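Here the structure comes first, spelled out in structure tokens, and everything after it is commentary.
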Amino acid sequence: MGDLVVHETTSCFAFARFGQEWRLCLVEHPRLGRGLVPGGPTEDGEGALTAAVREVLGKTGLRVRLLPPRLPEWYPHPAASSVWNVVSMPAAADSCCVRRHLHRDHIVVGVVDRPFVVHGAPEGTVHWVERSALDRFNLPEDTRVLASELFGLIDDRVALQPRPARDEDLAAELLRRQEEDQTVRLVPAAERTPEFMERWRAVDEANTAWLSELIAAHGWPGEALVGRRAAGAAWLLAQHADHRPDFQRECLELLAAAVTAGDAEPQHSALLEDRVLVAQGKRQVFGTQLVQGPDGTLAPHPVRHPDDVEALRAAWGFDPLETYIGQVSSSIR
């Protein structure tokens, strides 16, 4: 290559589940006027993987979890790197180099378990694009082709490896505790004496302590381990762990990762996301947390993006807000 200048760069194809569908994270490049996956040059002494995580955070404000390429099932050794490929790309003069040069680009693939939680201000406009919209988005052709290919691979790459053996005893205990949780909550308000409220508190504290021990021993109890109904019971216990907000936030991180892996119900993660945000005094995403006004009517706690909330609710399979509020109002009369 003679005196050709070579810059080490990284490009991250970051995916997130939006309800039951995958979307790809793209950022608008201010100079090129088109969408790109987050990426950029590596810094001195920095590896490609560290650079990828840093670039995604800086460009989008999101935290990405990198996925290693899948080796054959029979291969006895774990992957040592999350780089999927390294390619050489000619580059025009830019802010890093005043003449044409070469990018040695490390391509990585990752997932964002909580795409609505932003850590810092993004550098540009962020778009979450579904597969069907790739052809309508202004993208470099190589990005479009590779993104389309990766949409077809992502389900397999995030699936649990290996899948745990089903634990029927654990499933039965989760369902038993769910029944106890619901029994105290279905008692009419007029019958909730101080003694009863103490029993309610004791049920929640016991369930939370038990769930904490379970997670420490097994990780999040997803559908592969305990089945769909019992996995829903685990979410319910976490949803009602308000007296331990740090643990509840830990549950949300684990549940969101389980959703990414296809091992938990996306609605459960959305419901817990809203509950945690409201508990932190922040605006919720899906409008699932309601507050009762002085006249007894229910309304959502403030929502982050009111113009988008109905579309988000539809993507996650929730009823429209008006319908949802009506259903909750009827259930508490």
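Enter the angle in degrees (range 0 to 90, nearest 10) between the Cα long axis of helix 141-151 and the first principal axis of the Cα atoms of the chain, meaning the one along which they spread out most. That helix lies at roughly 30 degrees to the long axis. Note on the chain: percent of Cα-Cα distances in each 10 Å bin, starting at 0 and stopping at the bin with the largest distance, equals 5, 21, 29, 23, 13, 6, 2, 0, 0. Residue by residue, the stretch 217-228 carries 3J(HN,Hα) couplings of 8, 10, x, 5, x, x, 5, 5, 7, 10, x, 5 Hz when phi is fed to the Karplus relation 6.51 cos²θ - 1.76 cosθ + 1.60 (θ = phi - 60°); x denotes Gly or Pro.
Residue separation of Arg144 and Met89 scaled by 0.36 nm, minus their Cα-Cα distance, works out to 18.2 nm of gained length. Overall, the ratio between the Cα radius of gyration of the stretch 283-333 and 2.2 N^0.38 Å, rounded to two decimals, is 1.12. Only helices enter this figure: runs of n ≥ 4 DSSP H residues, each worth -39500 (n - 2.57), summed and divided by the residues of the chain, yield -13000 deg cm²/dmol at 222 nm to the nearest 500.
Per residue, the convex hull around the alpha carbon atoms of the stretch 6-158 comes to 124 Å³.
Contact order for the stretch 283-333, expressed relative to its length and based on alpha carbon pairs under 8 Å spaced 6+ residues apart, stands at 32 percent.
Across the chain, Cα pairs under 8 Å and at least six residues apart give a relative contact order of 15 percent. Normalising the average separation of contacting C-alpha pairs (under 8 angstrom, six or more residues apart) by the number of residues puts the relative contact order of the stretch 165-280 at 29 percent. Charge tally for Val87 (other residues, Cβ to Cβ under 10 Å; Lys, Arg +1; Asp, Glu -1): -1.
Values quoted throughout were computed directly from the atomic coordinates according to the rules given, and no laboratory measurement underlies them. It should be emphasised that the depicted structure is a prediction, and the values quoted were computed from it without experimental measurement. Positions of Cβ are generated from backbone atoms using ideal geometry, with glycine treated the same way; all protein chains shown enter the neighbour counts.
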